[in-house]
Amino acid sequence: MKGGQVLGDYPNDLTENSPFIIENGRVLPTAPWDAVWAGVAEWMGLNEDRIKEVLPNLSNFDREQLFTTSELFVE
């Protein structure tokens, strides 16, 4: 694993009017949960069709929102 890094974007506005702040001060993430698992599945050797079976929500996100194997692991 590549440690010591933060993946995703830090929200540029954390005021009460920010679209990233929801009730009770919770912050919406800028990357989907599936983003990490896409890189893990790729690292494990799953082809594109198998990844879609394992992570059916990936089609809801742009490829730029997903993390790659090279972002997650030392090669």
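The values are calculated or read from the model by the stated rules, or taken from the named source; none is laboratory data. All of these numbers come straight from a predicted model, not from anything done at the bench. All Cβ positions, glycine included, derive from the backbone under ideal geometry; neighbour counts span all protein chains shown.
Remarks
- Remark: pairs (first residue in region 2-19, at negative phi and without any contact (Cβ under 8 Å) to a residue 40 or more places away in the chain; second residue among the hydrophobic types (A, V, I, L, M, F, W, C) and not in a loop (DSSP other than H, G, I, E, B); Cβ separation under 8 Å; 6+ apart in sequence or on different chains) = PRO11/VAL27; LEU14/ILE21; LEU14/VAL27; THR15/ILE21.
- Restricting attention to region 1-34, the residues being of a type in the set (S, T, N, Q) and within 16 Å of THR69 (Cα to Cα) number 1.
- Checking the stated criteria, LEU7 turns out to be of a type in the set (A, V, I, L, M), assigned to a loop (DSSP other than H, G, I, E, B), surrounded by 10 or more Cβ atoms within 10 Å (Cβ to Cβ) and under 15 Å from the mean Cα position of the chain (by Cα).
- Residues of region 14-41 classified as exposed (fewer than 10 other Cβ atoms within 10 Å of the Cβ) and either at pLDDT 85 or above or in a loop (DSSP other than H, G, I, E, B) (or both), total: 8
- Yes/no for ARG63 being under 20 Å from LYS2 (Cβ atoms), of a type in the set (Lys, Arg) and exposed (fewer than 14 other Cβ atoms within 10 Å of the Cβ): yes
- Identity of the residue in region 42-60, more than 13 Å from the chain's Cα centre (by Cα) and touching a residue at least 24 places away in the same chain (Cβ under 8 Å), that ends up surrounded by the most Cβ atoms within 10 Å (Cβ to Cβ): GLU42
- Applying a threshold of 6 Å to beta carbon distances and a minimum spacing of six or more residues, or different chains, the list of pairs starting in region 26-41 at a residue that is of a type in the set (Ser, Thr, Tyr) and ending at one that is surrounded by fewer than 17 Cβ atoms within 10 Å (Cβ to Cβ) reads THR30/GLY8; THR30/ASP9.
- Tally of residues being assigned to a helix (DSSP H, G or I), under 18 Å from GLY8 (Cβ atoms) and either touching a Ser or Thr at 6+ places or on another chain (Cβ under 9 Å) or not polar (S, T, N, Q) (or both) across region 42-72: 7
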